[in-house]
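One structure is given here, and the rest of the page talks about it.
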């Protein structure tokens with residue numbers, strides 16, 4: 001397992017990050033503990049979660065994924081100092097309309113709740129889950145900076161920001177002398193390239209911002225579980241179904257076929273391993289976030305560790321998934 005600096009920070013993180021959106025949703029607690037332990041055994045030291053996981057599930061009040069991680073660390077006596085723990089703030093956690101956003105009030109309240117659920121006294125990477133246009137960026141950055149100074153947060157980052165929003169935040173931090181966003185979590189994979197590559201990639205490269213893409217397997221599409229001549233799998237779920245359906249195009253199916261051919265020629269690598277390797281072969285990418293809900297999925301995902309594409313393989317995939325303007 002290769003370890004990389006998270007942007008310009010001193011954090012050394014594994015080349016694959018363990019995502020946890022599935023915890024308490026498509027993976028119950030025992031299954032979640034299994035993949036967490038297997039990840040650590042395989043060398044993964046980077047775990048990403050969010051306070052809202054999985055509030056969209058009926059009967060789930062949110063915070064469940066954080067609670068599962070906290071109980072796992074306690075039960076297995078995990079060495080906290082060897083784990084890089086990331087979580088997020090922004091989404092609504094109750095019926096109270098004030099219980100969301102990136103105001104100082106909400107951030108200071110939400111971080112305490114996340115610390116309790118995670119059963120830890122610090123968060124390595126605290127991320128804004130999405131922008132909050134109702135709160136001045138100065139207020140958000142100052143609240144985050146105070147958490148860093150208090151030792152409750154070590155670094156902070158952003159998710160789902162546009163290039164101008166990320167630049168605004170970086171400029172404001174420089175102007176006001178606060179800590180800044182050191183990491184970006186974008187929606188980025190072979191079939192969704194323009195969103196990151198058009199402008200965000202250049203910002204991250206120029207300012208040393210770490211990049212940890214979420215949904216690197218396109219919600220499961222880039223695993224081969226969906227085929228043009230096959231019925232939809234039984235585990236199709238409404239939370240991702242519309243997005244996945246959008247990949248069922250001529251380009252999507254041809255990309256799957258190409259990944260399969262390249263993987264077979266590379267010693268029998270799976271479609272998902274090749275899709276992850278496409279990201280890992282880009283020096284700008286720090287750690288793609290995987291989200292296995294079972295040991296079968298984990299064992300497939302972990303096979304991408306150390307896997308890199310040749311120049312010709314990457315060129316073939318780049319050309320097959322090129323977006324307008326590239």
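The values are calculated or read from the model by the stated rules, or taken from the named source; none is laboratory data. Here the structure is a predicted model, which means the values were calculated and not measured. For neighbour counting, all protein chains shown are included, and Cβ atoms are generated from backbone atoms with ideal geometry for every residue, glycine included.
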Look at residue 98 and say whether it is part of a loop (DSSP other than H, G, I, E, B), farther than 22 Å from residue 18 by Cβ and either in contact with a helix residue (DSSP H, G or I) (Cβ under 8 Å, 6 or more places away or on another chain) or modelled with pLDDT under 95 (or both). yes
Given the conditions (1) in contact with a helix residue (DSSP H, G or I) (Cβ under 6 Å, 6 or more places away or on another chain); (2) modelled with pLDDT under 85, and given that residue 231 satisfies all but one, which numbered condition is not satisfied? (1)
Subset of segment 35-63 (residues that are more than 23 Å from residue 156 (Cβ to Cβ), touching a residue at least 60 places away in the same chain (Cβ under 8 Å) and touching a strand residue (DSSP E or B) at 6+ places or on another chain (Cβ under 9 Å)): 35, 39, 42, 43
Based on what the data block shows, is residue 63 closer than 25 Å to residue 184 by Cα and out of contact with any helix residue (DSSP H, G or I) (no Cβ under 7 Å at 6 or more places or on another chain)? no
Being surrounded by fewer than 19 Cβ atoms within 10 Å (Cβ to Cβ), over 19 Å from residue 153 (Cα atoms) and over 17 Å from the mean Cα position of the chain (by Cα), is that true of even one residue in segment 8-20? no
Could you tell me which of the residues 109, 54, 103 is modelled with pLDDT under 95, closer than 24 Å to residue 183 by Cα and surrounded by fewer than 23 Cβ atoms within 10 Å (Cβ to Cβ)? 54
Mind listing whichever residues of segment 212-225 are in contact (Cβ under 8 Å) with a residue 24 or more places away in the chain and either in contact with a helix residue (DSSP H, G or I) (Cβ under 9 Å, 6 or more places away or on another chain) or surrounded by fewer than 23 Cβ atoms within 10 Å (Cβ to Cβ) (or both)? 213, 214, 215, 216, 217, 218, 219, 220, 221, 222, 223, 224
Number of the condition not met by residue 24 [criteria: (1) modelled with pLDDT of 95 or more; (2) within 23 Å of residue 296 (Cα to Cα); (3) touching a helix residue (DSSP H, G or I) at 6+ places or on another chain (Cβ under 7 Å)]: (1)
Just name the residue that is farthest from residue 159 (Cα to Cα) out of those in segment 68-93 that are in contact (Cβ under 8 Å) with a residue 12 or more places away in the chain and in a loop (DSSP other than H, G, I, E, B). 76
Does residue 209 satisfy the condition of being under 29 Å from residue 141 (Cα atoms), in contact with a strand residue (DSSP E or B) (Cβ under 9 Å, 6 or more places away or on another chain), modelled with pLDDT of 95 or more and surrounded by 21 or more Cβ atoms within 10 Å (Cβ to Cβ)? yes
Quick one: residue 229 ticks every box in (1) free of Cβ contacts under 8 Å to residues at least 12 places away in the same chain; (2) in a loop (DSSP other than H, G, I, E, B); (3) under 30 Å from residue 31 (Cα atoms) except a single one, so which number is it? (3)
